[in-house]
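Computed from the coordinates by the stated procedures, all read-outs in this text should not be read as laboratory data. From a predicted model like this one, the values you see are computed outputs, not experimental measurements. Please note: Cβ atoms are built from the backbone with ideal geometry, for glycine as well, and neighbour counts cover all protein chains shown.
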Amino acid sequence: EDQVTQSPEALRLQEGESSSLNCSYTVSGLRGLFWYRQDPGKGPEFLFTLYSAGEEKEKERLKATLTKKESFLHITAPKPEDSATYLCAASGAGSYQLTFGKGTKLSVIP
Amino acid sequence: DVKVTQSSRYLVKRTGEKVFLECVQDMDHENMFWYRQDPGLGLRLIYFSYDVKMKEKGDIPEGYSVSREKKERFSLILESASTNQTSMYLCASSLYPTYDRGLVKNIQYFGAGTRLSVL
């Protein structure tokens, strides 16, 4: 059974304090690793897809990386508007479905 | 931009009522999905559809049914609403997975969600 585990569950950062969110996955034949951002009361918003170990993608203060067992979402010099829940999901071989982690709730304090 | 529209942001229903949640996407996507999201449990797949009139059960289909009569519209039906179905319901759509050198292109795009309260 495919599994995706995110840590920590919650993270509080001071504005400008860089950190990383972790996503560990156990997926048969990984076809894609996805990161989403979700604001309170809204649907998840797509951020990145990573396909192979060693791949990196960046968007503003966010950088996502992928190894054979984990993905990291690095947040550099975060701002309060980066506060949200970040979801990780994985797609396995031969599946239409994504397996989601439970998310990391990030709070950036001014 | 992909647009997935859910008919209601908030809904309050009584126990035993039949409830319809509607979802429409404008990107000609083949796949559509219904999830529910609860604190501490994350997103759980209820049903998905990979074509008109086709459906597959997800992880938690009990108490729900779906309908997909047109490609752009996917409906979630609670036949007899119960209090344990109080939740945030999210609809998503994606293209049919295409494989390019082993990489899957099946980004799911989500609607804004419907927060359903069953009293």
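Please state the relative contact order of chain A as a whole percent: Cα pairs under 8 Å, 6+ residues apart? In percent, rounded to a whole number, it is 37. Other residues with beta-carbon under 14 Å from the beta-carbon of residue A:73 carry, at +1 per Lys or Arg and -1 per Asp or Glu, a net charge of -1.
Peptide A:39-52 shows a mean partner chain C-beta count of 4 within 10 Å per residue C-beta. For the stretch A:1-99, trypsin sites (Lys or Arg not before Pro) are listed when DSSP marks them as loop and at most 13 other Cβ atoms sit within 10 Å of their Cβ; the list is A:68, A:69.
Short-range pairs are left out: with C-alpha atoms under 8 Å and at least six residues apart, the relative contact order of chain B is 35 percent. In order along the stretch A:54-71, the phi-based Karplus estimate (6.51 cos²θ - 1.76 cosθ + 1.60, θ = phi - 60°) of 3J(HN,Hα) comes to x, 6, 9, 9, 10, 8, 6, 8, 10, 9, 9, 10, 9, 10, 6, 10, 9, 10 Hz; Gly and Pro are listed as x.
Straight-line reach from residue A:68: taking Cα to Cα under 16 Å and skipping same-chain neighbours fewer than 8 places apart, the aspartates and glutamates in range are A:2, A:55, A:56. Other residues lying with their Cβ under 11 Å from the Cβ of residue B:38 contribute a combined charge of +3, Lys and Arg counting +1, Asp and Glu -1.
Here, the stretch A:16-60 yields an orientationally averaged convex hull projection of 4.7 nm² when only Cα atoms define the hull. Relative to its Kirkwood radius, the Cα radius of gyration of chain B gives an Rg/Rh of 0.98.
In straight-distance terms, cross-link reach from residue B:18 covers every one of the aspartates and glutamates whose alpha-carbon lies under 18 Å from its own, apart from those fewer than eight places away in the same chain; here that gives B:62, B:79.
Counting only other residues whose beta carbon sits under 9 Å from that of residue B:118, what net charge do I get with K and R as +1, D and E as -1? Neighbour charge sum, excluding residue B:118 itself: +1. Mean per-residue shielding of peptide B:31-41 is 2, counting Cβ atoms of other chains within 10 Å of each Cβ. Only Cα sites of chain A enter the Debye sum here, all with the same form factor; the resulting log10 I(q)/I(0) across q = 0.10, 0.11, 0.12 1/Å is -0.26, -0.31, -0.37, listed in q order.
Only lysines eight or more places from residue A:63 in sequence, or on another chain, were considered; those with a Cα closer than 19 Å are A:79, A:105. Simple point charges give the picture: +1 on the Cβ of Lys and Arg, -1 on the Cβ of Asp and Glu, and for chain B a dipole about the Cα centre of about 200 debye.
Over the protein assembly as shown, the reciprocal of the mean inverse Cα-Cα separation, the Kirkwood hydrodynamic radius, stands at 18.1 Å.
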